[in-house]
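A.B. asks: Have a look at this one.
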Ligand SMILES: Cc1cc2nc3c(=O)[nH]c(=O)nc-3n(C[C@H](O)[C@H](O)[C@H](O)COP(=O)(O)OP(=O)(O)OC[C@H]3O[C@@H](n4cnc5c(N)ncnc54)[C@H](O)[C@@H]3O)c2cc1C
Ligand code: SF4
């Protein structure tokens, strides 16, 4: 898999971080954000967030004292927790890209009871609801101020 | 050189489209210059699986983030509210959420009623027929009989209540507070060749179904059929004047960056509350060294935004999430002035349906509600589709220090100086916002919501742009007269939100368009009796 627009080292750290952010779960039968297909989507989708993501990853590597991906799982969690506190706007951008790709994965959507499709053209059904709820408001006297 | 036209309209958004349509029956030669493109229904995000992602890319509401070739950059300075818009045929109605309340009668009389700001030189009664005409042209859904308004009859039935609407209805009834189905510029039935809403739930970045009334599919087809020419990718740099100080036309750049002059008998500006002062300030001449029609010095001043406060919480029962138009109810319990609240004027509470799954994940992570790690999945499932949210739309009073100027450095792709925003929230607005947040929390408590969150003011919430070329009868204290004509330049008109005297506390587009129709009607009347340029 090409890691462009990131370097191999950046991509490895990002993938490791994605796995800490959203790990796979047997309970919910979902992959983690470090899943191969999801991570490939993340790399493809960095787009206008590339610079911010790189800044965030440089910060992460600094906190890790080297490659974040090479840390033991416990240490990764600790560094990630610090990073979460300190990451600022660049981390916000990184977070957004990971979440954008994770929550549009077919497997994840199905586990949430969603149909993996575009909203158009099928749309959705919204119930009319109980319009009698409005009856007390209908009984109110006019509330707007008269000006003449 | 291009052939001279009778009427040159600059900007094809909410107001430009309405004025073009109304003037078309004069059979004058009318041309509209628009810097953006047409948007095709197939371009809209809901056509694809990446629909939520595009909210952060080519359909971002903030032009600095969207950064299309057809956008101009905006220096928001230290403003706590940033300008959002869309540049293309239909203007910001391409991106609006189509929540469509009118101003109230009292909004036009704030000096008389409350002793603040100024009264408008027009009133609700004068605009009433234009509101009705605009509702018919745009296609508005809603329910007649709202006690917060003079009686009016939206042409289509209201949007469905849905689960979220019922949750709000029960909570507000418990408190004994007003709520009502919103007037929405969304078709709930087939309407004038447009299909009904199918609840895609993503109205803001454009409606692929064509149910949301953006002016590219409402006014523009009718105006073009009636003979109006709409020229896209025509970015106007300046309005030109002759030695007598009358407007002679406009200089614009085409898509290739080539400069053109378009002569005209009269010019109508419809570039919105930021684009209009920017264009006017950029239109400098010997006659108008500080910008065209700016002898009052008020072009760009008195910028009003309606700072929004978002307040939300999570209930146990499942709600509509992103299904259905996001806004379908309002509460105007706190709209009219009650000085016991500690501020003057009031606000609307706009009640929201929910968010898409990705926006929920992003917002909740940013708020620290959604953790990283194994718990992420459990917490997320409790949040998704359970969010009940509302916005306080505060009335912003005019203050001259809130203004648009030209940025000395930042320019668009044609080298035209970009606008710079200078804005701080006034004390009255701040108090009103705090009140709105507290009442929103009362509603959430009545609905049984927990995990209360919010954003106040919403940073990317500068969607209502008003006041920067205000209307009035006194040329020293206003830019345009009571029917939209510039005091200083008798063949120059402004029809967009810039001309607002005060902001009211509702989304403005219905009133912006009613005003544009009223100004067009006034132009026709003065044309008829030969006093148009007197
Ligand atoms: C995300 C979002 C949500 C919104 N939701 C609502 C809502 O629910 N309800 C509501 O009432 N309002 C809403 N609004 C606001 C609404 O869109 C505006 O009030 C309305 O479109 C303003 O109309 P206008 O004619 O003043 O300007 P616009 O509709 O903004 O049109 C201005 C046009 O002028 C063009 N232009 C500007 N400068 C130049 C130039 N130099 N040369 C050529 N063309 C130029 C622009 O490209 C644009 O097309 C929302 C706006 C946004 C962005
Ligand atoms: S919810 Fe309705 S109006 Fe909004 S985008 Fe979907 S079809 Fe269009």
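The values are calculated or read from the model by the stated rules, or taken from the named source; none is laboratory data. Just so we're clear, the structure is a prediction, and the values are computed from it rather than from any experiment. For neighbour counting, all protein chains shown are included, and Cβ atoms are generated from backbone atoms with ideal geometry for every residue, glycine included.
A.B. asks: Name the residue that is nearest to ligand 2 (Cβ to nearest atom), counting only residues in region B:177-196 that are facing chain A (nearest Cβ under 8 Å) and assigned to a loop (DSSP other than H, G, I, E, B).
C.D. replies: Among those residues, the one meeting the criterion is B:179.
A.B. asks: With the structure loaded, tell me whether residue B:135 is outside any loop (DSSP other than H, G, I, E, B) and either within 16 Å of ligand 2 (Cβ to nearest atom) or under 19 Å from the mean Cα position of the chain (by Cα) (or both) or whether it fails that test.
C.D. replies: yes
A.B. asks: Still on this structure, please answer the following. Name, by its number, the condition in (1) touching a residue at least 24 places away in the same chain (Cβ under 8 Å); (2) part of a loop (DSSP other than H, G, I, E, B) that does not hold for residue A:32.
C.D. replies: Of the numbered conditions (1) touching a residue at least 24 places away in the same chain (Cβ under 8 Å); (2) part of a loop (DSSP other than H, G, I, E, B), the odd one out for residue A:32 is (1).
A.B. asks: Follow-up. For region B:197-208, name all the residues that are in contact with a helix residue (DSSP H, G or I) (Cβ under 6 Å, 6 or more places away or on another chain) and either farther than 16 Å from residue B:94 by Cβ or more than 6 Å from ligand 2 (Cβ to nearest atom) (or both).
C.D. replies: Answer for region B:197-208, where residues must be in contact with a helix residue (DSSP H, G or I) (Cβ under 6 Å, 6 or more places away or on another chain) and either farther than 16 Å from residue B:94 by Cβ or more than 6 Å from ligand 2 (Cβ to nearest atom) (or both): B:205, B:206, B:208.
A.B. asks: Continuing with this model, one more query. Go through (1) farther than 22 Å from residue B:323 by Cα; (2) surrounded by 23 or more Cβ atoms within 10 Å (Cβ to Cβ) one by one and return the number of the condition residue B:384 breaks.
C.D. replies: Condition not satisfied by residue B:384: (1).
A.B. asks: Of all residues in region B:131-176, which are surrounded by fewer than 19 Cβ atoms within 10 Å (Cβ to Cβ) and in contact (Cβ under 8 Å) with a residue 24 or more places away in the chain?
C.D. replies: Residues satisfying the conditions are B:133, B:143, B:147, B:150, B:152, B:155, B:157, B:170, B:174, B:175.
A.B. asks: Looking at region B:151-173, is at least one residue more than 12 Å from chain A (Cβ to nearest Cβ) and within 16 Å of ligand 1 (Cβ to nearest atom)?
C.D. replies: The answer is yes; a qualifying residue exists.
So that you can scan it fast, the table gives a plain yes or no per residue for (1) away from ligand 1 (no atom under 12 Å from the Cβ); (2) modelled with pLDDT of 95 or more; (3) within 14 Å of chain A (Cβ to nearest Cβ); (4) under 27 Å from residue B:80 (Cα atoms):
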{"site": "B:438", "(1), (2), (3), (4)": "yes, yes, no, yes"}
{"site": "B:467", "(1), (2), (3), (4)": "no, yes, no, yes"}
{"site": "B:496", "(1), (2), (3), (4)": "no, yes, no, yes"}
{"site": "B:516", "(1), (2), (3), (4)": "no, yes, no, no"}
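A.B. asks: On the basis of being within 16 Å of ligand 2 (Cβ to nearest atom) and assigned to a loop (DSSP other than H, G, I, E, B), does residue B:507 make the cut?
C.D. replies: yes
The rows are residues; the columns are (1) outside any loop (DSSP other than H, G, I, E, B); (2) within 14 Å of ligand 1 (Cβ to nearest atom); (3) more than 30 Å from residue B:142 (Cα to Cα).
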{"residue": "B:202", "(1), (2), (3)": "no, yes, no"}
{"residue": "B:206", "(1), (2), (3)": "no, yes, no"}
{"residue": "B:216", "(1), (2), (3)": "no, yes, no"}
{"residue": "B:230", "(1), (2), (3)": "yes, yes, yes"}
{"residue": "B:238", "(1), (2), (3)": "yes, yes, yes"}
{"residue": "B:243", "(1), (2), (3)": "no, no, yes"}
{"residue": "B:252", "(1), (2), (3)": "yes, yes, yes"}
{"residue": "B:260", "(1), (2), (3)": "yes, yes, yes"}
{"residue": "B:268", "(1), (2), (3)": "yes, yes, yes"}
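A.B. asks: Mind checking whether some residue in region B:163-172 is under 22 Å from residue B:348 (Cβ atoms), outside any helix (DSSP H, G or I), touching a strand residue (DSSP E or B) at 6+ places or on another chain (Cβ under 7 Å) and within 16 Å of ligand 2 (Cβ to nearest atom)?
C.D. replies: Among the residues of region B:163-172, not one is under 22 Å from residue B:348 (Cβ atoms), outside any helix (DSSP H, G or I), touching a strand residue (DSSP E or B) at 6+ places or on another chain (Cβ under 7 Å) and within 16 Å of ligand 2 (Cβ to nearest atom), which makes the answer no.
A.B. asks: Quick check: is even one residue across region B:334-348 within 16 Å of ligand 2 (Cβ to nearest atom), crowded, with 23+ Cβ neighbours inside 10 Å, farther than 16 Å from residue B:52 by Cα and within 11 Å of another protein chain (Cβ to nearest Cβ)?
C.D. replies: No - not one qualifying residue is present in region B:334-348.
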